[in-house]
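A quick write-up on the structure given underneath.
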Amino acid sequence: MVVQVEQIREGGLTLTQPLAQPFLAEVLADAVREGFRCPAGSVLKVSFLRTSGGVLVEGSADLPLSAPCKRCATDVAVTVPVRFLLNLVPAEPRRDRADDEETKDVAETESSGSFELAQADLDTYHGKTIDLDPIVREQVLLALPMHAVCRDDCRGLCGMCGQNLNEAACGCENRRVDPRLAVLKDIKLN
Ligand SMILES: [Zn+2]
Ligand SMILES: [Zn+2]
């Protein structure tokens with residue numbers, strides 16, 4: 001997924017880019033948060049806007065993932081939204097620009113940045129192209145939730161017999177006196 005910077009015209013450039021399942025699966029393989037799998041591909045909507053110092057990139061995708069519920073280990077389908085706004089600047093200043101219209105000094109360029117630009121994370125691109133792959137890779141990893149739960153009130157597995165307490169009670173509860181659980185009882189997990 002490479003975009004030529006010169007393709008980005010005055011009004012910007014918007015693309016709809018398929019995110020292939022093998023690509024997403026490979027990205028997830030690097031995730032620190034284990035257990036997330038990608039049964040299907042997705043689509044990235046991405047738009048590029050030239051700024052005085054570089055290119056503003058806004059991306060959006062919804063990833064159809066699955067992961068084991070943190071509490072009961074049942075497989076859960078989760079849709080993970082990936083949203084990003086990046087201000088890409090050239091990795092090295094190019095002194096050989098033919099058009100010399102942008103000769104503002106750096107301070108002026110930065111202070112005149114729009115609100116949107118000020119919000120954007122800064123990143124770099126090299127040469128005349130923007131490679132989206134490493135950007136998407138990083139943003140997917142950033143977007144992953146800590147874990148999945150099958151439902152907010154999932155009761156999890158019995159710590160003593162392993163029974164899935166969503167499906168049936170096991171009878172251990174009456175005998176269980178675990179001070180750690182007594183403390184945890186009042187904390188809302190998410
Ligand atoms: Zn669960
Ligand atoms: Zn039990």
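The values are calculated or read from the model by the stated rules, or taken from the named source; none is laboratory data. Here the structure is a predicted model, which is why all the values come from computation and not from measurement. Here the Cβ is made from the backbone with ideal geometry for all residues, glycine too, and neighbour counts use every protein chain on show. Protein only, heavy atoms only, side chains kept; ligands, DNA and RNA dropped before computing areas. Shrake-Rupley method; radii C 1.70, N 1.55, O 1.52, S 1.80 Å.
In this structure the amide hydrogen of residue 71, modeled in the peptide plane, comes within under 5 Å of the amide hydrogens of 150, none closer than 5 places in sequence on its chain. With a 1.4 Å probe rolled over the protein heavy atoms of all chains, the accessible area of 126, 147 falls in the order 126, 147, largest first. Working ranking of peptides 57-66, 150-159 by packing, defined as the average number of other Cβ atoms within 10 Å per residue, highest first, is 57-66, 150-159. For the range 27-66, the solvent-accessible area of protein heavy atoms averages 45 Å² per residue (probe radius 1.4 Å; ligands and nucleic acids excluded).
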